[in-house]
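Engineer: Below you will find the structure I want to go over with you.
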Amino acid sequence: MPYVKPISGHGGTARIMRYLTKDGRALAADYLNLEHDSRLQPGGEIPVSYDWAHDMDAMREACGTNEPWKGKPARTFKHYVFSPDPDDPLNLERLRELTMEWAETNFGEYQVAIVYHDDNANRVPHAHVVVNNVNLATGRRLQDPDPKALMVSAQRIAKHQGIAHFHRDDKHMDAFQRRAAKERPPESRQRIYIRKAEKEIAKKGEYSWVSDIRSRVSTARSLASDEHEFMSLLAELGIEVSDNSERSARRDWIYSIADHPTWRITGERMGLAYGKSAIQARFLMTDRASPEARGRIEEIAKNAIELADVQELEELAFSLEVNERYQIDSLEDYDHIIDELERSGSDDVEQVRAARSFCSRKGILPQQGSQRRIYSHGSSRTSTSWSREPRSSGSNETARDRAEPQKTLKEER
């Protein structure tokens, strides 16, 4: 029956790393959401000497979670001693399986370093689990988990793996499982969610792999008419997709860059628009791009990836987002939309102009669409709306659109 002892940590993680690895005492190590992610190296050599403390400290600095909280020093990490029962000793391999499942179940959205020792009196292997205080999905601080819930989780996983556990806690485990089974709300309700760390990278003009993945997923999402086509396009654009863990509170896809499998992120961490649920729902109502536009978009995206032109890929993805949001299928549509945004005083007009310029320069849209659109604008800056009718040579009379008003780009972003 595994036992979990929590210890709060303050300051940098270099000290705890030195303590856990000094004098060659570490038997092995595992990592989650760090450079050497153990889930991506099954059976591979996981380096004990890797400087995970540097990466954890840098992440906290980027997200601002080093700062005091309500006048108290920041709790920068949590340290858990994860020990099996001495009367039911586990070998190192079994302990790693148990500890990794427990860490991923409870701290799957955090950077985690696990170091294994056997320096106790009975030489029983045990694990030291260090959890950084930044939630990678939200950028928020780690809220101190309930120690009892962590213990219950350890017993449940031990039971699942056929290891001795506290039978008397079964009723509590059942309650814990029922709570965990309830679908959690998404971490962010923003359509496009850009974390603080990503914003800092953008300010410096440096490469962001999260932004790169988001751009490629946006391009595939805009072109695909069903899930199979979406997956095929992602493969062509160098993105691999897998389902997240069945133990996760929300079902989602994990995207990674094929050439860099450790660069991986779940869809909803980039915003609701990139989550599995939103994309699957979209396929029920999406309009497919014309064959000409589709071919041109694929060509631009592939060339941008081959040339590592991240800026062009981001411009393409953003322009396709604008086209989708405003139901634009021609440059003529763009001109009308820009006119409406100017009349309503929207701050988004410059962004829409930029998207029009890109679509025109790259030959993505024709000058005139197959449908005539009737436009109207209200008194509110965010009430611009429009309706579509078959193109004809008839009158130019206006009509109130029956569709829901569209949000501005500023609200969506």
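Quick note: the coordinates plus some simple rules give every number you see, no bench work behind them. From a predicted model like this one, the values you see are computed outputs, not experimental measurements. When we count neighbours, we look across all protein chains shown, and the Cβ atoms used for this are built from the backbone with ideal geometry, even at glycine.
Engineer: Calculate one ³J(HN,Hα) per residue across the stretch 24-30 by plugging θ = phi - 60° into the Karplus curve 6.51 cos²θ - 1.76 cosθ + 1.60, and present them in order as whole Hz with x for glycine and proline.
Structural biologist: For the stretch 24-30, the Karplus curve yields x, 6, 6, 6, 6, 8, 9 Hz.
Engineer: Give the span of the stretch 1-145's Cα atoms along each principal axis, as three whole-Å numbers ordered largest to smallest.
Structural biologist: Principal-axis extents of the Cα atoms in the stretch 1-145, largest first: 44, 30, 29 Å.
Engineer: Which order do the peptides 259-268, 66-75, 133-142 take when ranked by the mean count of other beta-carbon atoms within 10 Å per residue, highest first? If you can, show how the numbers build up before the last one.
Structural biologist: Working: 259-268: 17.7, 66-75: 10.8, 133-142: 19.9.
With the highest mean Cβ count within 10 Å placed first, the list reads 133-142, 259-268, 66-75.
Engineer: Then there is this: How big is the stretch 224-274 along each principal axis, measuring the range of its Cα positions in Å and listing the largest first?
Structural biologist: Cα spread of the stretch 224-274 along its principal axes, largest to smallest: 30, 27, 19 Å.
Engineer: Among the listed pairs Lys78/Lys148; Lys22/Lys199; Lys22/Lys159, which are separated by more than 27 Å between their Cα atoms? Present the calculation step by step, with values, prior to reporting the outcome.
Structural biologist: Values: Lys78/Lys148 15 Å; Lys22/Lys199 36 Å; Lys22/Lys159 33 Å.
Correct reply: Lys22/Lys199; Lys22/Lys159.
Engineer: If amide H atoms are built 1.01 Å from N in the plane of the peptide, which residues on other chains or at least 5 residues away come under 5 Å of the amide H of Thr266?
Structural biologist: Excluding prolines and chain starts, which carry no amide H, the hits are Tyr255.
Engineer: Sort 319-331, 348-360, 46-58 for me by packing, meaning the mean count of neighbouring Cβ atoms within 10 Å per residue, highest on top.
Structural biologist: Details: 319-331: 20.7, 348-360: 18.8, 46-58: 16.6.
Top of the packing list down: 319-331, 348-360, 46-58.
Engineer: Shifting gears a bit: Sort Met59, Met231 so the one with the fewest other Cβ atoms within 10 Å of its own Cβ comes first. The partial results should precede the final answer.
Structural biologist: Numbers: Met59 20, Met231 16.
Ranked by crowding around the Cβ, least crowded first: Met231, Met59.
Engineer: Tell me, what ³J(HN,Hα) does each residue in the stretch 124-129 have, in order and in whole Hz, if you take phi through Karplus 6.51 cos²θ - 1.76 cosθ + 1.60 with θ = phi - 60° and put x for Gly and Pro?
Structural biologist: Calculated HN-Hα couplings, in order: 8, x, 9, 10, 10, 10 Hz.
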